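*Asks:* Quick one: the structure is below, and I'll ask about it shortly.
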Amino acid sequence: MIDLRRLTGLRAIEQYGTVTAAAAAVHLTPSAVSQQVRQLGRELGVTLLQPQGRKVRLTEAAHALLRHADAIEELWQRTEAELHATAVGQPSGVLRVAGFPTAASRLLAPVAVQLQRRWPGLTVKIREAEPLDSFDLLFSGDTDLAVVEAMPENPPFNDRRFEQRLLLDDPFDLLTTADHACAREPGPALEDLAAEPWILDAPGSPCSTRQLVLAQCRSAGFAPDVAHEVREWSVIASLVAHGLGVALVPRLAQLPPHFDLVRTPLTGRHVPSRRFLSVVRRGGDDHPAVAAALELLGELAAKHGEFVAEEGRSDGAAGPGGPGGPAEEDRSPAGGPVGSGQVGGG
């Protein structure tokens, strides 16, 4: 009989590289993790850890066990989900969700309200977390569902530990003052902005759109003249409002409502777009509360913009451009004055 808590410790060592990092991820002391893994080895009659200087390394037996560990965890998640569905039949208890700021405010908050209104026995707890942190929270069991931005640093779409689904593509709009020549319909193509002074998020800032914008500008045949670099959307909005340059902002990003700014959708082939994914532990998507949240997320994503169909699940096609790839075309509503914190046409 394998104790899944001990198996989690072994999986964490493989995931994070050291016993110390693994212990931090699963909220135990390093000695406790080591003891769990050694006890697991004794139960199986094999050695799983061997000393290597001041550290330890996983043995061949450990790697053999780990090749089946994700499947074991998935089976347990599916079993637990079926037990909850059979015993309770409807969402109840506590559902923990996580997401980066836009996801938390535009998707998770309204979903939490709807879930708790429909099922009074369910409590939803929201945690703001960046994408990589959200994957760690799922792995350690500290959250049940996350909405993340597709990024190259994320675990691959076919990672056996997670079930990743495409939610929506969030295209970037041009942000200008109301009297700017490009604040018109139809909007300009990206290459029409080559001579403009640009305002970009600084490297390492929470906005995290810099590389997407720069890549699309390169594809459009120019390198933007970066006049200013800032860290927050509110500062980008302020600089644009003062006429210091133009910027591209995701349609779902909320900006301060008191600036006289206009969002204008870009036209042409080169439209930066970020992709939102829902993520759960593989096998956990049939849990009543998780399944209800995923359903509402899909409905809300459809209202916000381009909804990626069911075949975009991680066990099928990844959709246009693959996870994190740009949308092939912008089919979202036209933009307009920012006012009241609204994004685009709604």
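The values are calculated or read from the model by the stated rules, or taken from the named source; none is laboratory data. Owing to the predicted nature of the structure, the values given are computational and were not obtained by experimental measurement. Don't worry about glycine lacking a Cβ; one is built from the backbone with ideal geometry, like all the others, and counts go over all protein chains shown. Surface accessibility is based on the protein's heavy atoms, side chains included, excluding ligands, DNA and RNA. Shrake-Rupley method; radii C 1.70, N 1.55, O 1.52, S 1.80 Å.
*Asks:* Assigning unit charges at the beta carbon (Lys, Arg +1; Asp, Glu -1) and nothing else, what dipole magnitude in debye, to the nearest 20, does the chain show about its Cα centre?
*Replies:* Approximately 1140 debye in magnitude.
*Asks:* Could I ask something else about it? Among Leu66, Gln39, Ala253, pick out the residue whose Cα is farthest towards the positive end of the charge dipole of the chain, where Lys and Arg carry +1 and Asp and Glu carry -1 on C-beta, about the Cα centre.
*Replies:* Gln39
*Asks:* Taking a quarter of the surface of the convex hull around the Cα atoms of segment 1-59, what do you get in nm²? All intermediate terms of the calculation are to be shown ahead of the outcome.
*Replies:* On the way: hull surface 14.1 nm².
About 3.5 nm², averaged over all directions.
*Asks:* Using the charge dipole of the chain (Lys, Arg: +1 at Cβ; Asp, Glu: -1 at Cβ; taken about the Cα centre), state which of Ile236, Leu174, Ala24 has its Cα farthest towards the positive end.
*Replies:* Result: Ala24.
*Asks:* Give me a comma-separated list of calculated 3J(HN,Hα) values for segment 247-258, in order, Karplus coefficients 6.51, -1.76, 1.60 applied at θ = phi - 60°, integers in Hz, x for any Gly or Pro.
*Replies:* 8, 10, 10, x, 4, 8, 5, 8, 10, x, x, 8
*Asks:* What does the charge dipole of segment 1-123 about its Cα centre add up to, to the nearest 20 debye, if the Cβ of each Lys and Arg holds +1 and the Cβ of each Asp and Glu holds -1?
*Replies:* 380
*Asks:* Then there is this: So how far apart, in nm, are the two label points at His63 and Val46 if each is 7 Å from Cα heading toward Cβ?
*Replies:* Using points 7 Å along Cα→Cβ, the separation is 1.2 nm.
*Asks:* If you restrict to DSSP beta bridges whose two residues both lie in the chain, what percentage is antiparallel, to the nearest 5?
*Replies:* Bridges in the chain that DSSP calls antiparallel: roughly 65 percent.
*Asks:* Which angle between 0 and 90 degrees, to the nearest 10, do you get for helix 131-140 versus the longest principal axis of the chain when only C-alpha atoms count?
*Replies:* 20
*Asks:* Just the projected area, averaged over all directions, of the convex hull on the alpha carbon atoms of segment 100-169: how many nm²?
*Replies:* Working: hull surface 20.6 nm².
Convex hull of Cα atoms, orientation-averaged projection: 5.1 nm².
*Asks:* Determine ³J(HN,Hα), in whole Hz, for all residues of segment 176-191 in sequence, where each value follows from phi through the Karplus function 6.51 cos²θ - 1.76 cosθ + 1.60 and θ = phi - 60°; x replaces Gly and Pro.
*Replies:* Per-residue couplings from phi come out as 9, 6, 5, 9, 6, 4, 8, 7, 8, 10, x, x, x, 7, 4, 5 Hz.
*Asks:* Quick one: what do you get for segment 15-131 if you divide its Cα Rg by 2.2 N^0.38 Å?
*Replies:* In units of the 2.2 N^0.38 Å rule of thumb, it is 1.44.
*Asks:* To the nearest 10 Å², what's Trp76's accessible area with a 1.4 Å probe?
*Replies:* My reading of the accessible area for Trp76 is about 110 Å².
*Asks:* Once phi is turned into θ = phi - 60°, what whole-Hz ³J(HN,Hα) does the Karplus curve with 6.51, -1.76 and 1.60 give for every residue of segment 56-62, x standing for Gly and Pro?
*Replies:* 10, 10, 6, 7, 4, 5, 4
*Asks:* Now, a different point. Skip the ligands, DNA and RNA, and give the accessible area per residue of segment 1-72 with a 1.4 Å probe, whole Å².
*Replies:* 59
*Asks:* Here's something else I'd like to know. Using only DSSP helix segments of four residues or longer, with each worth -39500 (n - 2.57), what per-residue ellipticity at 222 nm results for the chain after dividing by its residue count and rounding to 500?
*Replies:* Helix contribution divided over all residues of the chain: -11000 deg cm²/dmol.
*Asks:* Okay, moving on. Between Arg269 and Asp286, what length comes free when the chain is fully extended (0.36 nm per residue of separation minus the Cα-Cα distance, one decimal in nm)?
*Replies:* Value of the extension gain: 2.2 nm.
*Asks:* Give the angle, between 0 and 90 degrees and rounded to the nearest 10, that separates the Cα long axis of helix 288-304 from the longest principal axis of the Cα atoms of the chain.
*Replies:* Approximately 10 degrees, to the nearest ten.
*Asks:* Continuing with the same structure: Just round it to a whole percent: the fraction of Cα-Cα distances in the chain exceeding 33 Å.
*Replies:* 37
*Asks:* On a 0 to 90° scale, report how tilted helix 210-219 is relative to the longest principal axis of the chain, with both axes built from alpha carbons and the result rounded to the nearest 10.
*Replies:* Its long axis makes an angle of about 60 degrees.
*Asks:* After finding the eigenvalues of the alpha carbon gyration tensor for segment 141-251, what semi-axes result from the square roots of 5 times each, listed largest first in whole Å?
*Replies:* 31, 15, 14
*Asks:* Compute the FRET efficiency between Ala215 and Ala21 as 1/(1 + (r/R0)^6), taking r as their Cβ-Cβ distance and R0 = 30 Å, and round to the nearest 0.05. List each step's numbers first, then the result.
*Replies:* Values: r = 32 Å, r/R0 = 1.05.
Taking R0 as 30 Å, the efficiency between Ala215 and Ala21 is 0.40.
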